[in-house]
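The values are calculated or read from the model by the stated rules, or taken from the named source; none is laboratory data. As the structure is a computational prediction, the values presented were derived from the model and not from experiment. Cβ placement follows ideal geometry from the backbone for every residue including glycine, while neighbour counts extend to all protein chains displayed. What goes into the accessible areas is simple: the full protein's heavy atoms, side chains included, and nothing from ligands, DNA or RNA. Shrake-Rupley method; radii C 1.70, N 1.55, O 1.52, S 1.80 Å.
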Amino acid sequence: QVQLVESGGGLVQPGGSLRLSCAASGRIFALNTMGWYRQAPGKQRDLVAGITSGGATKYADSVKDRFTISRDSAKNTAYLQMNSLKAEDTADYYCYAASAGMVYWGKGTLVTVSS
């Protein structure tokens, strides 16, 4: 019922920045929480950042002070500003949205941090 479309991934040098977007569409009543998980090859999928409908945020310790999550509720879109990127940030980033007891996932966007 809900589809998430991610954009903004790509190749960036260490210390650079990228901005990810996640737009929700479909039969949406309300989205409680939106955010991103990430997964590198051979590793588990871990939370990067999340934001509630009220604006409360949480971040993985590894990205605090470097990443900022925000949302535009009118557009049903979340944004992840990623600054001071490190090689260890390289992963597939998956947008998620939670609503009415359901969790929806984007198909992922690849972020590669390399010189």
### Message
Considering only the stretch 44-64, I want to know if a residue exists there that is at pLDDT 95 or above, open to solvent by 60 Å² or more (accessible area, probe 1.4 Å), part of a strand (DSSP E or B) and among the acidic types (Asp, Glu).
### Response
yes
### Task
List the number of the failed condition for Arg71; all other conditions in (1) buried (at least 18 other Cβ atoms within 10 Å of the Cβ); (2) within 10 Å of the chain's Cα centre (by Cα) hold.
(2)
### Task
Scan Thr77, Thr52 and give me the residue that is under 12 Å from the mean Cα position of the chain (by Cα), farther than 15 Å from Leu110 by Cα and of a type in the set (Ser, Thr, Tyr).
Thr77
### Task
Tally the residues that are of a type in the set (D, E, K, R) and either in contact with a Ser or Thr (Cβ under 6 Å, 6 or more places away or on another chain) or under 19 Å from Leu31 (Cβ atoms) (or both), restricting the search to the stretch 80-115.
1
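Are any residues in the stretch 69-115 in a loop (DSSP other than H, G, I, E, B), hydrophobic (A, V, I, L, M, F, W, C) and over 25 Å from Pro41 (Cα atoms), and if so, which ones?
Across the stretch 69-115, the qualifying residue is only Ala100.
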